[in-house]
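One structure is given below, encoded as structure tokens.
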Amino acid sequence: MTHELLVSGGLVVYPEKTIRADVAVEGGRVAAVAEPGRLRGKRTIEAAGCYVLPGLIDPHTHPVYLDDIASLSRSAAYGGVTTIAHYAYAKPGQSLLAILKQMRAEGEAGSCTDFALHGGLFETLKQAEEIPGAFELGVTSFKMFMAYAKLGWMTDDYAMAKAMDLIGRHGGLACIHAETGLAIDYIQDRMLAEKADFAERFLETSPDVAEAEGIFRAVSIGRLMRCPVYIPHVSSAEGLAAIRLLRERGARVFAETCPQYLGLTWEELKGRGALGKVGPAIKTEADRLALWEAAGRGLLDAIGSDHAPKPKTVEEDFFKAAYGSPEVETMLPVVWHYGVNTGRITPNAVAALLAQNAARIFGLAPRKGRLEPGADADLVVFDPAERWTVTAAAQHTKAAYSLFEGRELVGRVKKVLAGGRLIVDGEEFLGQSGQGRFLPTRAGKGGGKE
Ligand SMILES: [Zn+2]
């Protein structure tokens with residue numbers, strides 16, 4: 001038979017193998033993957049000399065700052081991301097279910113990529129009552145913060161235990177921002193009293209030991225409540241050590257890091273002022289290398305962007321400035337350049353860390369995360385040889401800066417298919433606002449023996 005579309009002659013990447021193959025697309029799905037020349041298509045996308053990766057899954061974004069879901073999904077598409085799990089934050093006084101419904105409607109109207117949602121609990125004791133209702137809406141993962149008490153964001157251990165009890169009973173997943181919040185608040189207060197230069201001493205307010213303690217405490221409460229725990233944005237060697245220890249004991253813990261922790265160090269960011277303020281802090285070269293080592297060995301499960309660009313300037317008061325940076329569009333090229341091009345990880349690990357693992361953790365497989373017949377035809381044609389320079393001006397986020405500004409990278413996204421439709425072709429955007437669909441998740445399966 002002649003298929004609607006053929007992606008021809010590329011190196012198709014899976015976590016366990018790379019094969020030269022043609023990918024046939026029919027009705028928005030992968031119809032077949034076969035040796036070059038064996039399939040026929042009405043149209044052909046030439047991928048010779050390129051890798052063909054599954055459409056990336058970004059499990060960690062915040063579409064409520066400079067970028068809304070529409071602009072975030074467009075920037076993501078240029079980065080090869082075709083599925084996004086956004087955090088839907090219910091701030092104190094807000095209803096979790098109302099926020100989830102509102103964000104789903106916003107996504108269905110504006111997203112050019114498929115999307116899922118995580119709930120975010122800020123008034124956890126009260127909002128936990130809405131967790132069963134969230135499962136009925138197809139939301140099965142829930143974020144809580146152990147830090148940021150001064151902002152009113154912190155969940156204490158009692159409330160976390162209650163939420164994890166409910167999440168665990170429903171078969172979901174707790175996503176925990178793991179840092180020792182109150183000790184960090186004391187450190188900040190002491191530095192304020194000393195009139196410290198926060199732009200110079202930022203790392204002291206987000207220390208590696210605080211991350212390790214937070215991870216150990218969160219996952220331990222999860223073990224008590226029989227609730228698996230996902231740790232977003234792991235940033236330090238100490239944090240990885242805590243994860244390793246917990247895994248050895250059979251704890252159900254998943255770990256994510258982000259491109260900013262893999263491609264940058266705090267030393268390199270010092271001249272960037274408040275732009276470089278992200279939470280947890282981007283740490284040292286030793287931490288960066290430890291994260292790569294963990295990515296190569298499978299200690300890390302996923303890479304997410306933590307895309308959260310806010311209006312900031314280099315000069316503004318560092319202590320008062322908001323946390324966050326634009327990351328989603330540069331995520332794949334950064335991971336490829338600093339990981340694959342240096343031999344730290346393989347292209348196969350990229351397919352695992354940026355697609356398949358997140359699909360499995362959040363219950364989006366087999367529809368997402370892997371190029372098999374029957375899966376959605378979401379894929380990225382990636383040229384590993386193209387040399388280019390990151391500039392904020394050429395990015396498609398609404399943010400006017402990039403932490404990778406001026407970096408020369410080798411490897412670039414050339415074409416992106418979502419549901420069998422070409423949405424990015426080089427510089428050209430062919431996607432449509434609202435073409436993305438809401439994906440219910442079934443998070444929290446697997447991950448440890450307990
Ligand atoms: Zn985040």
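The values are calculated or read from the model by the stated rules, or taken from the named source; none is laboratory data. For clarity, every value in this text was computed on a predicted model and none was experimentally measured. A quick note on method: Cβ atoms are made from the backbone with ideal geometry, for glycine too, and the neighbour counts reach across all protein chains shown. With ligands, DNA and RNA removed, areas are computed over all heavy atoms of the protein, side chains included. Shrake-Rupley method; radii C 1.70, N 1.55, O 1.52, S 1.80 Å.
Here are the numbers:
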| item | result |
| --- | --- |
| First in the range 229-257 and closer than 14 Å to HIS177 by Cβ and without any contact (Cβ under 8 Å) to a residue 60 or more places away in the chain, second anywhere and among the hydrophobic types (A, V, I, L, M, F, W, C) and surrounded by fewer than 19 Cβ atoms within 10 Å (Cβ to Cβ), Cβ under 8 Å, 6 or more apart | ALA255/LEU299 |
| Where TYR338 falls short, out of the listed (1) out of contact with any Leu (no Cβ under 8 Å at 6 or more places or on another chain); (2) over 30 Å from ALA196 (Cα atoms); (3) not small (Gly, Ala, Ser) | (1) |
| Where a residue in the range 61-74 is acidic (Asp, Glu) and its partner, wherever it lies, is within 13 Å of the ligand (Cβ to nearest atom), with Cβ under 9 Å and at least six apart | ASP67/THR61; ASP67/HIS307; ASP67/ALA308; ASP67/PRO309; ASP67/PRO326; ASP67/VAL328 |
| Helices (runs of 4 or more DSSP H) enclosed by the range 237-303 - at least 2 residues per element that are surrounded by fewer than 22 Cβ atoms within 10 Å (Cβ to Cβ) | 237-248, 266-269, 285-297 |
| Selection count, the range 31-74, where residues are open to solvent by less than 10 Å² (accessible area, probe 1.4 Å) and either away from the ligand (no atom under 16 Å from the Cβ) or assigned to a strand (DSSP E or B) (or both) | 12 |
| Breaking point among (1) open to solvent by 10 Å² or more (accessible area, probe 1.4 Å); (2) out of contact with any Phe, Trp or Tyr (no Cβ under 9 Å at 6 or more places or on another chain), for LEU353 | (1) |
| The range 174-202 residues that are within 30 Å of THR61 (Cβ to Cβ) and open to solvent by 70 Å² or more (accessible area, probe 1.4 Å), paired with ones that are of a type in the set (A, V, I, L, M) and within 16 Å of the ligand (Cβ to nearest atom) (beta carbon under 9 Å, 6 or more apart) | LEU182/ALA147; LEU182/MET154 |
| Single unsatisfied condition, ILE221 versus (1) open to solvent by 10 Å² or more (accessible area, probe 1.4 Å); (2) in contact with a Pro (Cβ under 8 Å, 6 or more places away or on another chain); (3) not aromatic (Phe, Trp, Tyr) | (2) |
| Verdict on ARG387 being in contact with a helix residue (DSSP H, G or I) (Cβ under 9 Å, 6 or more places away or on another chain) and surrounded by fewer than 24 Cβ atoms within 10 Å (Cβ to Cβ) | no |
| Unmet criterion (only one of (1) out of contact with any Ser or Thr (no Cβ under 9 Å at 6 or more places or on another chain); (2) surrounded by fewer than 22 Cβ atoms within 10 Å (Cβ to Cβ); (3) more than 30 Å from VAL209 (Cβ to Cβ)) for GLY110 | (1) |
| So GLU213, is it in contact (Cβ under 8 Å) with a residue 40 or more places away in the chain and open to solvent by 10 Å² or more (accessible area, probe 1.4 Å) | no |
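Let's see how each residue does on (1) more than 16 Å from the ligand (Cβ to nearest atom); (2) among the hydrophobic types (A, V, I, L, M, F, W, C):
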{"residue": "HIS170", "(1), (2)": "yes, no"}
{"residue": "GLU179", "(1), (2)": "no, no"}
{"residue": "LEU192", "(1), (2)": "yes, yes"}
{"residue": "ASP197", "(1), (2)": "yes, no"}
{"residue": "GLU211", "(1), (2)": "no, no"}
{"residue": "ALA218", "(1), (2)": "no, yes"}
